[in-house]
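*Asks:* Sending over a structure as structure tokens; questions will come in a sec.
The values are calculated or read from the model by the stated rules, or taken from the named source; none is laboratory data. Please read all numbers here as calculations on a predicted model, not as lab measurements. Glycine gets a Cβ as well: all are built from the backbone with ideal geometry, and neighbour counts include every protein chain shown. Just the protein is used for accessible areas: all its heavy atoms, side chains included, with ligands, DNA and RNA removed. Shrake-Rupley method; radii C 1.70, N 1.55, O 1.52, S 1.80 Å.
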Amino acid sequence: GFLSVALLICNRIVGTGIFATPALIVQASGSVGSSLLLWLTGACIAAAGTAVYIEFGTGIPKNGGELNYLRFLYPKPPFAVISAYAAYATTMGWAGGNSIICGQYTLHALRIPVNQWNQRFVALLCLSIGATLHSTSVKWGLKVQNSFGMFKIAVLATIALAGLAVLGGLVKVEGDPARENFSHPFEGSRTSPNSLVTGLYRVIWSFVGYANANAALSEVKDPVKVLRRAAPLGVAAVSALYLGVNVAFFSGVSKQEMIAGPGTTVACFFHNVFGPSAETILSIFIALSAFGTVLSVLFSHGRINQEVARAGIVPFSSFFTRSSKTFGTPAAGIALHWAACVVIVVAAPPGDAYNMIINVISYPLAIINTAISGGLLLLYLNPKRAQEREWNPPFRAGLPAVAFFFAANLFLTFAPLVPPAPDSQPYKTLPYWLHVAVGVSLFVCGGVYWASWYIVLPRIGRYRLVQEEVMQADGQSRTVFRRIPT
């Protein structure tokens, strides 16, 4: 329904990034004013992306999200783009990073010394609880997930209102950082392209998640109507809260403190505004926020895995396509994403290797969004082709929004190749471009897999593949390929 769709988007966008990135963006931009302008730009890009995904979602109101849109836009060579997407979607554990954060701050809240092993244990527990919940009940999974979404909104609203209280003089902060930060908001601004690239890159990634509901549109009541209303509301609410939280941080923490300790900004804010005893409350907030994101990601990616399996191109497709006979949930698809997250949590050591894996998970999404928005842009520029493809969705994003979103994702695709400033290196010992190379190689591996099963093996075995739709015992259809001897 409407509320679940809106909260599914809010829950996915609002993770732990909003608590960490504001200081990093100030560090990159050099000033309060430039930082707020970058956040405003990020909100505009998120709005354009939301419009693009609403157009696709209302035109193809099915589970699977990006898989359906890529398949529609790039039908030739047959199954090539699906194979490339499948290599990414089925192997990347999106929820792994937030489960680690959940483990870290849960232990902080319980005043237990954090080490590599107890943090991993809590992270695995977090993943397992979320996967079990979504695998055994759609109804209760959504109820719990919606509760966490509303909790996140309440936390961000509380921080924003606390900032207004400081600005209004109701709460006094030692040193009066609000006056210092807002008297000369653009003082110290950096104008180098590298600094702007770094800052804007971090802002845009803080808004990732506006397409989350598109993964489950087959299960939405009246998906066209609901998506058109719920998606803009969810993104607009988060954008307003993000800007309010940034203003709050600037009202309670000096710019020098933020630049000196970007990882402690939110802790400084809670200490300055709510007092020293607020540290435990902060840890609870961040842990619960991370867990809410884990729930949201497991819900959507379990369904994406199921739809990838329906295409019939991945091994064990019949198993991963089935819904649970008892609970009616995509339990196998959720289990696949759970397993990918477990590998990240257990195998990735702390430090550069872990950070690189998280970046590898995130980076390919920029390439996917570039392909989706670029394909839609071509349909806008070539109405005859759109008519031939029978593309006439009930909602249109508009040429300016599509072009803007395409340009933004093109920026996200190539920005990581720009050598970063010495104080903005993503890794201590690894090359700054490594996650780009690994992310691209995922799609290359998918292409090699496609060439093997669709071209090379049929030639060697002297057969051709014929696509058929079959109905499973659970009432769902899936694609199978029959080998016809040549």
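*Asks:* How large is the convex hull of the Cα atoms of the chain per residue, expressed in Å³ as a whole number?
*Replies:* Numbers: hull volume 73.0 nm³, N = 486.
Cα-based convex hull of the chain, divided per residue, equals 150 Å³.
*Asks:* OK, next. Give the angle, between 0 and 90 degrees and rounded to the nearest 10, that separates the Cα long axis of helix 352-381 from the longest principal axis of the Cα atoms of the chain.
*Replies:* So the helix axis and the longest Cα principal axis differ by about 60 degrees.
*Asks:* Suppose R0 equals 30 Å. What FRET efficiency, 1/(1 + (r/R0)^6) with r the Cβ-Cβ distance, do residue 378 and residue 440 give to the nearest 0.05?
*Replies:* Numbers: r = 22 Å, r/R0 = 0.74.
According to the calculation, E is roughly 0.85.
*Asks:* Over segment 366-486, calculate the relative contact order: mean separation of alpha carbon pairs under 8 Å at least 6 apart, over the residue count, as a percent. It would help to have the intermediate numbers written out before the result.
*Replies:* Working: 80 pairs, mean separation 20.6, N = 121.
Over segment 366-486, the number comes to 17 percent.
*Asks:* Multiply the residue gap between residue 460 and residue 236 by 0.36 nm, knock off their C-alpha separation, and tell me the result in nm, one decimal place.
*Replies:* Details: separation 224, 0.36 × 224 = 80.64 nm, distance 5.44 nm.
Between residue 460 and residue 236, full extension yields an extra 75.2 nm.
*Asks:* If we count every other residue with Cβ under 13 angstrom of residue 71's Cβ, Lys/Arg +1 and Asp/Glu -1, where does the sum land? Walk me through the numbers on the way to the answer.
*Replies:* Numbers: positive: 62, 76, 310, 389; negative: 66, 307.
In short, +2.
*Asks:* Based on the Cα coordinates of segment 345-482, what is the per residue volume of their convex hull in Å³? Don't skip to the end; give the middle numbers.
*Replies:* Details: hull volume 31.9 nm³, N = 138.
Measuring per residue, one finds 231 Å³ for the Cα hull of segment 345-482.
*Asks:* For the chain, what relative contact order do you get, as a whole percent, if you take Cα pairs closer than 8 Å and at least 6 residues apart?
*Replies:* Values: 792 pairs, mean separation 144.6, N = 486.
Relative contact order for the chain comes out at 30 percent.
*Asks:* Cα centroids of segment 86-136 and segment 42-77: how far apart, whole angstrom?
*Replies:* 29
*Asks:* Grab the alpha carbons of segment 63-210, take their convex hull, and tell me the volume per residue in Å³.
*Replies:* Values: hull volume 34.6 nm³, N = 148.
Output value, Cα hull per residue: 234 Å³.
*Asks:* Separate question: So, with a 1.4 angstrom probe, what is the percent of accessible area on segment 2-433 that is carbon and sulfur? Before the final figure, lay out the partial values.
*Replies:* On the way: 11600 of 17320 Å².
Result for segment 2-433: 67 percent of the exposed heavy-atom area is carbon or sulfur.
*Asks:* Give me the compactness ratio for segment 159-222, meaning the Cα radius of gyration over 2.2 N^0.38 Å.
*Replies:* On the way: Rg = 19.5 Å, N = 64, 2.2 N^0.38 = 10.7 Å.
Working it through for segment 159-222, the quotient is 1.82.
*Asks:* Which net charge results when you count Lys and Arg as +1 and Asp and Glu as -1 among the other residues whose beta-carbon is under 14 Å from that of residue 102? Could you put the intermediate results ahead of the total?
*Replies:* Values: positive: 120, 152; negative: none.
That works out to +2.
*Asks:* Something else now. Hey, what angle do you get for helix 279-310 against the long axis of the chain, alpha-carbon based, 0 to 90 degrees rounded to 10?
*Replies:* Tilt relative to the chain: about 10 degrees.
*Asks:* Over segment 152-280, what relative contact order in percent results from Cα pairs under 8 Å that are six or more residues apart? Before the final figure, lay out each step's value.
*Replies:* Details: 92 pairs, mean separation 58.1, N = 129.
Relative contact order of segment 152-280: 45 percent.
*Asks:* Kindly rank 131-140, 36-45 from highest to lowest mean number of other beta carbons found within 10 Å of each residue. Mind dumping the intermediate values first?
*Replies:* Details: 131-140: 17.7, 36-45: 20.1.
Top to bottom by mean Cβ count within 10 Å: 36-45, 131-140.
*Asks:* Distance from the Cα centre of segment 214-271 to that of segment 275-320, in angstrom?
*Replies:* 18
*Asks:* While we're looking at this one, here's another question. Which entries in the list 62/428; 76/428; 152/221; 152/225; 221/325; 152/255 go over 32 Å, if you measure between the two C-alpha atoms of each? Spell out each step's value before the answer.
*Replies:* Working: 62/428 43 Å; 76/428 42 Å; 152/221 25 Å; 152/225 25 Å; 221/325 22 Å; 152/255 25 Å.
Violating the 32 Å Cα-Cα cut-off are 62/428; 76/428.
*Asks:* Next question, about the same structure. In square nanometres and to one decimal, what's the mean projected area of the convex hull around the Cα atoms of segment 182-258?
*Replies:* Values: hull surface 28.7 nm².
That works out to 7.2 nm².
*Asks:* At 7 Å along Cα-to-Cβ for each site, give me the label-to-label distance between residue 281 and residue 353 in nm.
*Replies:* 4.0
*Asks:* Please name whichever of 324, 395, 155 sits farthest to the positive end of the charge dipole of the chain, dipole taken about the Cα centre and charges placed at Cβ: Lys and Arg +1, Asp and Glu -1.
*Replies:* 324
*Asks:* Now a separate question. By how many degrees, 0 to 90 and rounded to 10, does the Cα axis of helix 434-451 deviate from the longest principal axis of the chain?
*Replies:* 10
*Asks:* Could you provide, to the nearest whole Å², the per residue accessible area of segment 2-433 with probe 1.4 Å?
*Replies:* Values: 17320 Å² over 432 residues.
Spelled out: the 1.4 Å probe surface of segment 2-433, per residue, equals 40 Å².
*Asks:* Please list 160-168, 408-416 highest first by mean number of surrounding beta-carbon atoms within 10 Å per residue. Walk me through the intermediate numbers first.
*Replies:* Values: 160-168: 17.2, 408-416: 19.6.
Output ranking for 160-168, 408-416: 408-416, 160-168.
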